1. Please give the calculated 222 nm ellipticity per residue for the chain, where each DSSP H segment of at least 4 residues contributes -39500 (n - 2.57) and the sum is spread over every residue; nearest 500 deg cm²/dmol?
2. Which ordering of V90, V39, V112 is given by a fewest-first count of other beta-carbon atoms within 10 Å?
3. So in the chain, what percent of DSSP beta bridges are antiparallel if you round to the nearest 5?
4. At a 10 angstrom cut-off on C-beta neighbours, averaged per residue, how do the peptides 77-88, 127-138, 51-62 rank from highest to lowest?
5. Taking Cα centroids, how far is the range 52-75 from the range 124-177 in Å?
6. For Cα extents along the principal axes in Å, one of (1) 68, 38, 25; (2) 58, 42, 34; (3) 125, 30, 27 was computed from the structure I shared and the rest are decoys. Which label?
Amino acid sequence: MVTPRAAAHAYDLSGGRLCLDFANTVSNRGTDAPVDHLVSYSDLLAWAGQADAAAPALTRELSKRAAAQPSAARDALARAIVVREALYRVFRAIAGEHRPRPADMAVLNEQVASAFARSRLAASGDGFVLKVEASAHDLTSPLGPVMKSAIDLLTSSDAGRIRACAADTCEWLFLDTTKNRTRRWCDMKVCGNRAKVRRFRSR
């Protein structure tokens with residue numbers, strides 16, 4: 001059973017990709033008491049704002065719509081959680097060099113069409129990028145940039161750099177960008193230091 005978080009949360013964005021940061025909105029996955037940081041639609045908007053998945057003006061409009069349509073907001077949050085968990089399991093499987101489950105891939109494939117339906121080409125530097133436009137008329141639209149990030153990652157060579165934190169109690173995901181692909185911790189200052197302390201005490 002996942003325990004709700006106790007108060008307003010400052011989200012950790014150390015995954016290296018938007019989709020990994022979204023999958024990491026549950027803390028202590030490797031324990032018997034994981035903590036979910038998305039327990040309300042407001043939490044989803046707070047994460048989207050902190051992660052730059054939605055502009056402030058958009059989150060304000062979505063917040064107003066959610067207040068006017070609480071049942072739809074609950075449904076949107078429930079959908080976001082389903083997508084998040086499928087993303088986590090797919091990325092976790094890749095990190096463990098396993099094939100993702102077809103059921104999880106099916107969940108993600110259901111989101112592909114909506115993500116691309118909101119996409120448009122935009123000039124960027126000397127070239128062009130495909131941007132996902134979130135909509136104030138759709139409470140699930142913060143998932144669009146997340147899915148675009150997931151599609152980009154899963155269809156690139158960087159997919160082989162997806163890792164899960166070596167801390168048994170953590171299991172957060174991150175992109176290992178080190179030259180030798182030797183990164184073990186989601187955050188050296190947190191899980192890495194805890195491991196050092198445990199090794200020191202064991203000696």
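Every read-out reported here was derived from the displayed coordinates using simple, explicitly stated rules and does not represent laboratory data. All figures in this text were calculated on a predicted structure; none of them were measured in a lab. Cβ: placed from backbone, ideal geometry, glycine included. Neighbour counts: every protein chain shown.
1. Numbers: 7 runs with 93 residues, N = 203.
When only DSSP H runs of four or more count, the value is -14500 deg cm²/dmol.
2. Numbers: V90 23, V39 17, V112 13.
Ascending number of Cβ neighbours within 10 Å: V112, V39, V90.
3. Working: 11 of 13 bridges.
If I count the DSSP bridges inside the chain, around 85 percent turn out antiparallel.
4. Working: 77-88: 19.6, 127-138: 14.2, 51-62: 17.1.
Final packing ranking: 77-88, 51-62, 127-138.
5. Value for the Cα centre distance between the two parts: 21 Å.
6. Among (1) 68, 38, 25; (2) 58, 42, 34; (3) 125, 30, 27, the one calculated here is (2).
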